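Beneath this line is the structure, given in C-alpha cells, with notes to follow.
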Amino acid sequence: MNNTLLITGGAGFIGGALVRRLLAGDDDVYVVNCDKLTYAGNLDSLAGPLADPRHCLAQGDICDAAFVAGLLEQHRPRAILHLAAESHVDRSIDGPAAFVQTNVVGSFTLLEAARQFWSGLPAGEQAAFRFLHVSTDEVYGSLGPTGAFVETTPYAPNSPYSASKASSDQFVRAYHHTYGLPTLITNCSNNYGPYQFPEKLIPLMILHAVAGKPLPVYGDGLNVRDWLFVDDHCRALLAVLERGVPGEVYNIGGDCERTNLEIVGQVCRLVDALRPDLPHLPCESLVQFVTDRPGHDRRYAIDAAKIQRELGWRPQQSFETGLELTVRWYLENTSWVERAQSGAYRGERLGLSRDQQPTEKP
C-alpha cells in the first residue's frame, strides 16, 4: 500500500512536529516535506528527519505550479497535508501582501495541482486520496464572554491573516463541492510547545523572562485564547486524515481558555521556579502593558465536541503539564533558540501601524 504523504510547511512549528511524529510512529511511512524555508522554517527542528531515509526535503514555493505538479508526479502521495502558511497576525498587519500570496494564491495553486493529479488516478486510489487543509479558529472572528466556535459558525475574520486563511478555507470547500476533490478542513486554536518560533507569545515571554527584558502585554491583557499543545494537535490531524469524512470540517481545541495575562503569569512562575538564580526575580515584575494590536479579537474558544464524538480524539496534555514541558524545553535548548533568532527577527514589536512604530531617540 502506498503510504507516501506530502506535507507542506513541514519545517515550520506544527509541520515539523507532525513530521517528527509520523517518522517516530510508522516504519512504512514516507514523508515528502515541501517547505520554502522562510524565516519560520527551521531545519534545526528536523535534525532527526533529515537523517531518515523515509524523509525527503523538497525546498520550494507552493505558489510555483510547475514545482508542485512535479512533486506530485514524482512522489505520487496518497494524501496532501497542507500546513504551509504565513501565520503571524502582527506580521500580517505590517505586510498583508505576503499573506495573500502564500495563504490564498499558494493554497489555490496547490489545490489545482492536487485536482489535476487526483483526476488522473485509478478509481481505487482516487477514493483513498485526501487533501487535508490546516486552518485556524481566527477565521470565525471574535466571541463575546460566552459561547464557543462550532464548525458551522459564520466566518468573520478581523485581521489580514485571518482573512487570508478564511479565503483559503473557502477555496478548499469549493474544490470539494465543484470537482469532488476529497478535502478535509481543520480549524485549530492557539498552538504552543517546543520548537515554536520565538515571535509567538509563549516562547517570547519565556525568553524575555530569562533575559530580564520587559514582557509586553497588549492592551489590558484580558484577551482570551484557547490553548492546544502541538503534539495533541498533530494527533488530531492524523485522526482526521485517517477517519475524517471528505467534505467535513473539524474544529480542534484544547478546552483550555486563558487570558494573555494569565499565560504570562504562569510562564513567569515557571521560570522563577526553574531558574531561581536569575537576578531579576520575580519575573512578573517585568510585565509591561503596551498599545493594543489593531483589530485585536477579544476572545476565541473552540467547541471540539465533533472531533471527540466522531473520531475519538481528545487532548492528552493539560495546559499545566504542556506549559511546563515547553518552558523546560526552551531553557534546555538555548542553541536552538540562538540559531532560530539569527535571522532578521530579534524579538522586536511587530504589528504596529506606521504612526505607532517606536522611534529612536536622538
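So the values come out like this:
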{"quantity": "Odd one out for residue 210 among (1) in a helix (DSSP H, G or I); (2) in contact with a strand residue (DSSP E or B) (Cβ under 9 Å, 6 or more places away or on another chain)", "calculated": "(2)"}
{"quantity": "Lone unmet requirement of (1) over 30 Å from residue 79 (Cα atoms); (2) in contact with a Lys or Arg (Cβ under 7 Å, 6 or more places away or on another chain) for residue 250", "calculated": "(1)"}
{"quantity": "Test: residue in segment 18-27 that is β-branched (Val, Ile, Thr), over 13 Å from the mean Cα position of the chain (by Cα) and farther than 21 Å from residue 98 by Cβ", "calculated": "yes"}
{"quantity": "Breaking point among (1) under 21 Å from residue 233 (Cβ atoms); (2) surrounded by fewer than 18 Cβ atoms within 10 Å (Cβ to Cβ); (3) not charged (D, E, K, R), for residue 66", "calculated": "(1)"}
{"quantity": "Residues that are surrounded by 11 or more Cβ atoms within 10 Å (Cβ to Cβ) and modelled with pLDDT under 80, drawn from segment 302-347", "calculated": "341, 343, 345, 347"}
{"quantity": "Residues within segment 284-327 that are polar (S, T, N, Q) and part of a loop (DSSP other than H, G, I, E, B), tallied", "calculated": "4"}
{"quantity": "Candidates 34, 56, filtered to the one that is under 20 Å from the mean Cα position of the chain (by Cα) and without any contact (Cβ under 8 Å) to a residue 60 or more places away in the chain", "calculated": "34"}
{"quantity": "Single match in 62, 7 (criterion: of a type in the set (Val, Ile, Thr), part of a loop (DSSP other than H, G, I, E, B) and within 19 Å of residue 133 (Cβ to Cβ))", "calculated": "62"}
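For (1) among the polar types (S, T, N, Q); (2) under 22 Å from residue 92 (Cβ atoms); (3) not in a helix (DSSP H, G or I), each residue gets a yes or a no:
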{"residue": "147", "(1), (2), (3)": "no, no, yes"}
{"residue": "158", "(1), (2), (3)": "yes, yes, yes"}
{"residue": "162", "(1), (2), (3)": "yes, yes, no"}
{"residue": "169", "(1), (2), (3)": "no, yes, no"}
{"residue": "175", "(1), (2), (3)": "no, no, no"}
{"residue": "185", "(1), (2), (3)": "no, yes, yes"}
{"residue": "197", "(1), (2), (3)": "no, yes, yes"}
{"residue": "228", "(1), (2), (3)": "no, yes, yes"}
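The values are calculated or read from the model by the stated rules, or taken from the named source; none is laboratory data. Since the structure is predicted, the reported quantities are computational estimates derived from the model, not experimental observations. Positions of Cβ are backbone-derived with ideal geometry, glycine not excepted, and every protein chain shown enters the neighbour counts.
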